[in-house]
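Please read the structure below before turning to the comments.
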Amino acid sequence: MEISKIVVDHRRYLHMHPELGFEEYETAKYIRNHLDRLGIPYKTAGTGTIGYMDVGSNETIALRADIDALPINEMNDKPYASKNPGKMHACGHDAHTAMLLTAAEYMVVHKPSKNVRFIFQPSEEGGCGACEMVKAGAVDGVDSVFGIHVWIGTESGRFAVKSGPLMAGVDEMTLRVKGSGGHAASPNQTVNPISIGSTIINELMKMRSLRVDPLDSAVLNVTAFNSGNAFNVVPVDAKILGTIRTFSDKVRDEIISNVEKMRELSKSLGGDLEVKINRIAPPLVNFKESTEYAIKTLERLGFQYDEATPTMGSEDFAYYLKEVKGSFVFLGIRSPSKNIIAPHHSPYFDVDEDVLEMGVKFFLGLVGSI
């Protein structure tokens, strides 16, 4: 079979028909129709799909692809550009799904030496689709799990791998400062939530340097501060939004604990503070044994690779690694000569399709199909 053509055909169809998290109905239909044609049994979990290939091995390897798109209007003038306004595969999930579908097709003819679990996961972009797939049994009975992310930060045609922390855990921070409204001419008769909120923000921005070990990587950033709508009215409340990103659960918990202590500061200034932390994804920490296996597979296939640089971006693949050992790798797609340089989540994002065959073969190599 001509792997390169099949994977590109899959990728272009999926790219033209993007759907948002937990709304991937047509995408799921496309995946399931393909598995039906291949005779691969599967279990459904909402818009997620879990395929099974049992060859009688004592070892089962799970391969994962995410299927959701982003709420972005594509700006690329390509024949395969998105046909769904306001929706775009701007992170490469179409490529991930295409690679896994193509690998499944190859395995039907060239049987793997290990049992394979195919995970087509919805809503990676902040919806914790991995959580739902874990609940649905996606990694039950699995010995290890692997995933690929096409990566604009790596030269096209090279892989990037690393054991240990690779991608940050991410948490959404929402703080609501409660004061008491009133006339702006009588500040002594009000508790101004803007003033309190400003003090809290100053403390939050110092927290990284004062409360976190300087040898640990972390980000605590305030991204929104909203309050009031009139020049002569002291508002009742103020809202602060921000993100917390860490490479270890220990640092993550320490920062969240310190954010929650901002309630005491608010009270000392006469107000109240509601703290809501939405734990979106834990740090993604690759297992050493699994990463070494991934490297051996790359070397056997003759693929070039570098040591991956950890990123403060997040990936809910981390939830699978909380359940079973495994490794997540990057496949480089950056190609200035092809003008493929736009970052992930950009309306100009694109993929160097020439490298997708490498991703397919990496999947096949992991399970012993080539």
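The values are calculated or read from the model by the stated rules, or taken from the named source; none is laboratory data. These numbers come from a predicted model, not from an experiment. Here the Cβ is made from the backbone with ideal geometry for all residues, glycine too, and neighbour counts use every protein chain on show. The protein model used for the area step is the full one, side chains on, heavy atoms only, and it has no ligands, DNA or RNA in it. Shrake-Rupley method; radii C 1.70, N 1.55, O 1.52, S 1.80 Å.
The modelled label-to-label distance between residue 109 and residue 231, using points 7 Å beyond Cα along the C-beta direction, is 7.4 nm.
Placing +1 on each Lys and Arg Cβ and -1 on each Asp and Glu Cβ, with no other charges, gives segment 1-140 a dipole about its Cα centre of roughly 340 debye.
Here segment 231-370 is treated as a Stokes sphere of Kirkwood radius computed over C-alpha pairs; at 37 °C and 0.692 mPa s its diffusion coefficient rounds to 170 µm²/s.
In a fully extended conformation the segment linking residue 22 and residue 339 would gain 110.9 nm over its present Cα-Cα distance, using 0.36 nm per residue.
One chain, two ends: residue 292 and residue 276. Fully extended at 0.36 nm per residue, the span grows by 1.9 nm beyond their Cα-Cα distance.
For residue 9, the solvent-accessible surface computed with a 1.4 Å probe is close to 80 Å², ligands and nucleic acids excluded.
Relative to the 2.2 N^0.38 Å rule of thumb, segment 177-270 has a C-alpha radius of gyration ratio of 1.24.
The residues packed around residue 226, meaning those with a beta-carbon under 13 Å from its beta-carbon, carry a net charge of +1 if Lys and Arg are +1 and Asp and Glu are -1.
Taking only the C-alpha atoms of the chain, Rg followed by Dmax gives 23.3, 80 Å. The Rg/Rh ratio for segment 295-370 is 0.99, where Rg is the radius of gyration of the alpha carbons and Rh is the Kirkwood radius.
At a Cβ-Cβ separation cutoff of 4.7 angstrom, cysteine residues of the chain with no neighbouring cysteine are 91.
The ellipsoid equivalent to the alpha-carbon distribution of segment 31-102 has semi-axes of 30, 12, 11 angstrom, derived from the gyration tensor eigenvalues as √(5λ) and listed largest first. Annotation: peptides 51-61, 194-204, ranked by per-residue average of other Cβ atoms within 10 Å with the highest first, follow the order 194-204, 51-61.
Could you give the Stokes-Einstein D for segment 1-154 in µm² per second, using the C-alpha Kirkwood radius, 20 °C, 1.002 mPa s? Here the translational diffusion coefficient equals 137 µm²/s.
Where both bridge residues fall in segment 1-135, DSSP classifies roughly 60% of the beta bridges as antiparallel.
Ligands, DNA and RNA left out, the 1.4 Å accessible surface of segment 13-70 is 49% carbon and sulfur atoms. In the structure shown, the pairs 5/361; 114/361; 5/288; 239/267; 29/87; 87/135 are assessed against 22 Å; a Cα-Cα span above that value is assigned to 5/288; 87/135. Our compactness index for segment 128-246, the C-alpha radius of gyration over the empirical 2.2 N^0.38 Å, is 1.63. Highest GNM mean-square fluctuation, the chain, Cα pairs closer than 10 Å: which of 141, 326, 46? Sorting by GNM fluctuation, first place goes to 141.
Rounded to a whole number, what % of the accessible area of segment 101-196 do carbon and sulfur atoms account for, probe 1.4 Å? Its accessible area is 46 percent carbon and sulfur atoms.
Rounded to the nearest 20 debye, the dipole size of the chain about its Cα centre is 360 debye, using +1 on the Cβ of Lys and Arg and -1 on the Cβ of Asp and Glu. Taking every alpha-carbon pair under 8 Å whose residues sit at least 6 apart, the chain reaches a relative contact order of 24 percent. If a paramagnetic tag sat 7 Å from the Cα of residue 131 along the Cα-Cβ line, which residues of segment 158-181 would have the backbone N under 14 Å from that point? Inside the label zone: 170-173.
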